[in-house]
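Working notes, beginning with the structure itself.
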Amino acid sequence: MITDSLSTEETEYNYVQTFSKKDYVEWLKWDSVFEPTYKILEIKQKNGTVKAKISKTDKRIIFLHQEPIVTDQVVRFDNDKITSIETTKYVIFNDSVFVKKRDELVDWIDKNHPELNGFIYDQTMTGGMNYLKAIELYENKK
């Protein structure tokens, strides 16, 4: 369903990443660890592009954001294969809550479980499992 490479772009944060098909599959494995639920809230097709409003929630998002993240996205195609996914707007995303909770988690893990240092950057299945372990350890601290 995707071309040999896939470009993802976040317009609001001026961030572009290009994945090979293999790398995107690895990212999907990372994402799957958190048991995501994607909901299409709105969808329109026009001139070979699809515009959609997407809600995403998973274990990581609930921990960091406490509610689903909702985005407006544009999906572009070439010969019926996806070439790019652009996030044009974060409709529901409280970055101050997200960043505060993420930083608290990373700082706590650095001090209490240094064996998990770097989990935040490892977007492989193993990295996702370490991320979940970090959340579990943080939530069960006392």
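Leaving out ligands and nucleic acids, and using a 1.4 Å probe, what accessible area per residue does the chain come to in Å²?
Value returned for the chain: 64 Å² of accessible area per residue.
Treat every Asp and Glu Cβ in the chain as -1 and every Lys and Arg Cβ as +1, leave all other atoms uncharged, and give the resulting dipole magnitude about the Cα centre to the nearest 20 debye. If you can, show how the numbers build up before the last one.
Details: 21 positive and 24 negative charges, 76 e Å.
Here the chain has a charge dipole of around 360 debye.
Helix by helix, which DSSP H runs in the chain go 15 Å or more along their axis at the Cα atoms and have an average Kyte-Doolittle hydropathy of -0.5 or more?
Working: long enough: 21-33 (19 Å, -1.07); 95-112 (25 Å, -0.84); 125-139 (21 Å, -0.05).
For the chain, where a helix must reach 15 Å along its axis and average at least -0.5, the hits are 125-139.
Which entries in the list LYS29/LYS81; LYS29/LYS101; LYS89/LYS111; LYS44/LYS81 go over 28 Å, if you measure between the two C-alpha atoms of each?
Going by Cα-Cα distance, LYS89/LYS111 fall outside the 28 Å limit.
Take the alpha carbon atoms of the range 17-142, find their radius of gyration, then divide it by 2.2 N^0.38 Å using N residues; give the quotient.
On the way: Rg = 16.5 Å, N = 126, 2.2 N^0.38 = 13.8 Å.
Normalised by 2.2 N^0.38 Å, the Cα Rg of the range 17-142 equals 1.19.
Which listed residue (ASN94, THR49, PHE63) has the Cα farthest towards the positive end of the charge dipole for the chain, taking +1 on Lys and Arg C-beta and -1 on Asp and Glu C-beta about the Cα centre?
THR49
Give me the distance in nm between label points sitting 7 Å out from Cα along the Cα-to-Cβ direction at LYS46 and THR18, one decimal.
If labels sit at LYS46 and THR18, their model points lie 2.8 nm apart.
Rounded to the nearest 500 deg cm²/dmol, what is the calculated helix-only ellipticity per residue at 222 nm for the chain, with -39500 (n - 2.57) per DSSP H run of length n ≥ 4?
The helix contribution divided over the chain gives -12000 deg cm²/dmol.
How much FRET efficiency would the formula 1/(1 + (r/R0)^6) give for ASN79 and ASP110, where r is the Cβ-Cβ distance and R0 is 35 Å, rounded to 0.05?
0.15
The values are calculated or read from the model by the stated rules, or taken from the named source; none is laboratory data. For clarity, every value in this text was computed on a predicted model and none was experimentally measured. Positions of Cβ are generated from backbone atoms using ideal geometry, with glycine treated the same way; all protein chains shown enter the neighbour counts. Quick note on the areas: whole protein, heavy atoms, side chains included, nothing else; ligands and nucleic acids left out. Shrake-Rupley method; radii C 1.70, N 1.55, O 1.52, S 1.80 Å.
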